[in-house]
Amino acid sequence: MGSVVLPHLNTGWHVDQAILSEEDRLVVIRFGRDWDPDCMRQDEVLYKIADKVRNFAVIYLCDIDQVPDFNQMYELYDPCSLMFFFRNKHMMIDLGTGDNNKIKWVLEDKQELIDIFETVYRGAKKGRGLVVSPKDYSTRHSYLTQFDKISKSAVVISLSAYAMETMNGWQTIRLLTELE
C-alpha cells in the first residue's frame with residue numbers, strides 16, 4: 001500500500017528536482033525496487049509516518065531499476081536504502097554501522113524512524129553535514145541482521161556438537177553463554 005500512495009520519482013530529472021526544489025524540509029528518498037519485499041515493508045512504515053513528519057520532511061520513492069542514474073554515485077546496491085537531503089546537500093548520518101551515507105536496512109519501528117528524521121532535520125538546520133543517530137545500530141548492541149542470527153545459530157549448534165563429541169561440556173557451556 002505504501003509504495004502506491006507515496007510519490008515516485010520516475011526519472012533522474014525528477015530526483016534532482018525533488019532535491020533542489022525543497023528549501024525548508026528534509027528530503028527523504030527511498031531508493032530500491034518497488035517489488036522487493038524489504039522495500040514494501042519499508043514503504044509501509046514510511047507511508048504510516050508521512051503525515052506525522054510532513055512539517056519537516058517530505059518522502060519520495062525511487063525505483064533503482066527504472067532510474068539507474070544514481071546507482072553508482074550513491075552505491076545503491078542494497079535492496080532498500082534511505083537517503084537524506086537538505087537544501088541540495090546530501091545529509092550523512094552516523095548510525096554506528098560504518099556507512100554514514102544511508103540507512104540500508106528496513107526500519108520497521110515508526111518512532112525510531114521519526115526520531116532519525118528529526119535528528120537529521122535538526123542537524124541540517126544547524127548547518128551540519130553529518131549527524132549522529134539517536135540510537136546506535138552497531139552489531140555490538142545486538143541489532144543483528146537475519147544472516148548474523150543464522151550464523152550465530154550455526155556456531156551454537158557446532159559448539160554443542162563439539163561438546164558432545166569431546167565430553168568437555170564446561171568449557172563449551174561457557175562459550176555458549178558468551179555468545180548469547
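The values are calculated or read from the model by the stated rules, or taken from the named source; none is laboratory data. It should be emphasised that the depicted structure is a prediction, and the values quoted were computed from it without experimental measurement. Glycine gets a Cβ as well: all are built from the backbone with ideal geometry, and neighbour counts include every protein chain shown.
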Out of (1) touching a residue at least 60 places away in the same chain (Cβ under 8 Å); (2) touching a helix residue (DSSP H, G or I) at 6+ places or on another chain (Cβ under 8 Å), what's the single condition that is false for Cys62? (1)
Just to verify a result, which residue in the stretch 94-112, among those that are in contact with a Leu (Cβ under 7 Å, 6 or more places away or on another chain) and not charged (D, E, K, R), is farthest from Gly32 (Cα to Cα)? Asn100
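Could you grab me the full set of residues in the stretch 25-64 that are among the small types (Gly, Ala, Ser) and either part of a strand (DSSP E or B) or at pLDDT below 95 (or both)?
Selection gives Gly32, Ala57.
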If I go through the stretch 99-123 residue by residue, how many of them are within 15 Å of the chain's Cα centre (by Cα) and more than 18 Å from Ile49 (Cβ to Cβ)? 4
Can you tell me which condition Gly32 does not meet? The list is (1) of a type in the set (Gly, Ala, Ser); (2) free of Cβ contacts under 8 Å to residues at least 60 places away in the same chain; (3) touching a Lys or Arg at 6+ places or on another chain (Cβ under 9 Å), and all the others hold. (3)
Filter the stretch 1-24 for residues that are closer than 20 Å to Ile49 by Cα and assigned to a loop (DSSP other than H, G, I, E, B); the one that is modelled with the lowest pLDDT is Met1
If the requirement is being of a type outside the set (Val, Ile, Thr), surrounded by 13 or more Cβ atoms within 10 Å (Cβ to Cβ), within 22 Å of Gly32 (Cβ to Cβ) and without any contact (Cβ under 8 Å) to a residue 40 or more places away in the chain, which of these qualifies: Asp115, Asp69, Asp51? Asp115
In this structure, does Met40 turn out to be surrounded by fewer than 18 Cβ atoms within 10 Å (Cβ to Cβ), hydrophobic (A, V, I, L, M, F, W, C) and over 14 Å from the mean Cα position of the chain (by Cα)? no
Is there a residue being assigned by TED's automatic domain parsing to the domain that holds Lys48, at pLDDT 95 or above and on the phi > 0 side of the Ramachandran plot anywhere in the stretch 76-87? yes
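Per-residue answers, yes or no, for (1) more than 18 Å from the chain's Cα centre (by Cα); (2) over 19 Å from Tyr137 (Cα atoms); (3) of a type in the set (Ser, Thr, Tyr):
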position	(1), (2), (3)
Asp24	yes, yes, no
Val58	no, yes, no
Val67	yes, yes, no
Thr97	no, no, yes
Lys125	yes, yes, no
Would you confirm, using the coordinates I've provided, whether Met91 is aliphatic (A, V, I, L, M), at negative phi and part of a loop (DSSP other than H, G, I, E, B)? no
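Rundown of residues vs (1) modelled with pLDDT under 60; (2) of a type in the set (Asp, Glu), yes/no style:
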| position | (1), (2) |
| --- | --- |
| Gln111 | no, no |
| Ile114 | no, no |
| Glu118 | no, yes |
| His141 | yes, no |
| Ile150 | yes, no |
| Ser153 | yes, no |
| Ile157 | yes, no |
| Gln171 | yes, no |
| Glu180 | yes, yes |
